[in-house]
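Working notes, beginning with the structure itself.
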Amino acid sequence: ATAKVDFTGNYTGSKTIYFNVVLAKVTGLKATATTTSLKLSWYAVPTATAYDVYFYSADKNKYISKAIVTTNSATINKLTSGKKYKIKVRAIFKDTKGKFSSVLTTATKPASTKITSKKSSKAKTVYLKWNEVSNATGYQIWYSTSSKSGYSLLTTTKKTAITHKNSKLSSGKTYYFKVRAYKNISKGNNQYASFSSAVKVKIK
């Protein structure tokens with residue numbers, strides 16, 4: 001940008017200065033995940049003509065420029081399921097680049113699993129086994145008296161099989177169970193897989 005000052009009255013002459021207008025820092029960065037992609041969006045920066053999207057490459061152990069886009073959104077494809085990624089974005093106007101956004105740490109969804117074995121061998125006890133999911137931190141087991149709705153969290157485990165006794169289960173009653181894997185991103189923040197198909201177990 002250019003600013004020119006013309007002197008008047010008891011003063012003569014003029015002064016012209018040239019300077020770069022600092023682009024605003026990108027804010028509002030968020031991601032929606034699938035098992036193989038991250039759909040990113042952020043608040044638009046006034047006057048920005050493009051955005052530089054960076055993501056952290058664990059293989060190269062550094063940020064690499066993934067794309068330059070002209071809208072305040074981008075999709076990164078061909079990613080690995082259940083993997084953590086770090087994202088940051090900055091605005092661009094001609095040769096001027098703004099400061100990077102705060103780093104967003106996120107993850108792709110883990111793959112879904114399948115319950116391969118189920119039974120009730122003891123009072124108020126259920127046994128379940130399912131396929132291991134690559135890169136998963138652990139698994140949640142949910143239960144309901146209906147196959148389609150009303151599910152509640154029964155327990156969380158890092159194993160792929162459990163024998164679980166719980167007072168929430170009533171002897172002689174039939175329940176439906178389903179499992180989903182999760183990837184821990186940070187404390188209290190997980191990325192969840194889709195649920196497995198539900199299986200039916202009558203509790204002894």
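The values are calculated or read from the model by the stated rules, or taken from the named source; none is laboratory data. It should be emphasised that the depicted structure is a prediction, and the values quoted were computed from it without experimental measurement. With ideal geometry, Cβ positions are generated from the backbone for all residues, glycine too; neighbour counts draw on all protein chains shown. Remember, those area values only see protein heavy atoms, side chains included, never the ligands or the DNA or RNA. Shrake-Rupley method; radii C 1.70, N 1.55, O 1.52, S 1.80 Å.
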Out of curiosity, is residue 44 open to solvent by less than 50 Å² (accessible area, probe 1.4 Å) and touching a residue at least 12 places away in the same chain (Cβ under 8 Å)?
no
Residue ranges of strands (runs of 3 or more DSSP E) in region 92-141 with at least 3 members at pLDDT 95 or above and of a type outside the set (Ser, Thr, Tyr):
115-119, 125-130
Restricting to region 184-201, name every residue that is open to solvent by less than 40 Å² (accessible area, probe 1.4 Å) and in a strand (DSSP E or B).
185, 191, 199, 201
Please enumerate the residues belonging to region 12-30 that are under 11 Å from residue 89 (Cβ atoms) and hydrophobic (A, V, I, L, M, F, W, C).
26, 29
Starting from region 160-173, keep only residues that are closer than 22 Å to residue 114 by Cα, then list their pairs with residues that are open to solvent by 90 Å² or more (accessible area, probe 1.4 Å) whose Cβ atoms are within a distance under 7 Å, requiring at least 6 positions of separation or different chains.
160/129; 160/132; 161/129; 165/122
What do you reckon, is residue 145 modelled with pLDDT of 95 or more, more than 22 Å from the chain's Cα centre (by Cα) and within 25 Å of residue 107 (Cα to Cα)?
no
Just one of the numbered conditions (1) free of Cβ contacts under 8 Å to residues at least 24 places away in the same chain; (2) open to solvent by 80 Å² or more (accessible area, probe 1.4 Å); (3) out of contact with any Lys or Arg (no Cβ under 6 Å at 6 or more places or on another chain) is not true of residue 67; which one?
(2)
Just checking, how many residues over region 42-101 are farther than 30 Å from residue 182 by Cα, in contact with a strand residue (DSSP E or B) (Cβ under 7 Å, 6 or more places away or on another chain) and hydroxyl-bearing (Ser, Thr, Tyr)?
4
Go over the candidates 147, 170 one by one and state the one that is touching a strand residue (DSSP E or B) at 6+ places or on another chain (Cβ under 7 Å) and part of a loop (DSSP other than H, G, I, E, B).
147
Looking for whichever is open to solvent by 30 Å² or more (accessible area, probe 1.4 Å), out of contact with any Pro (no Cβ under 8 Å at 6 or more places or on another chain), closer than 24 Å to residue 138 by Cα and not in a loop (DSSP other than H, G, I, E, B) here; the options are 32, 75, 16, 80. Which one fits?
32
If we keep only residues of region 156-181 that are open to solvent by 30 Å² or more (accessible area, probe 1.4 Å) and of a type in the set (Ser, Thr, Tyr), then the residue farthest from the chain's Cα centre (by Cα) is 171
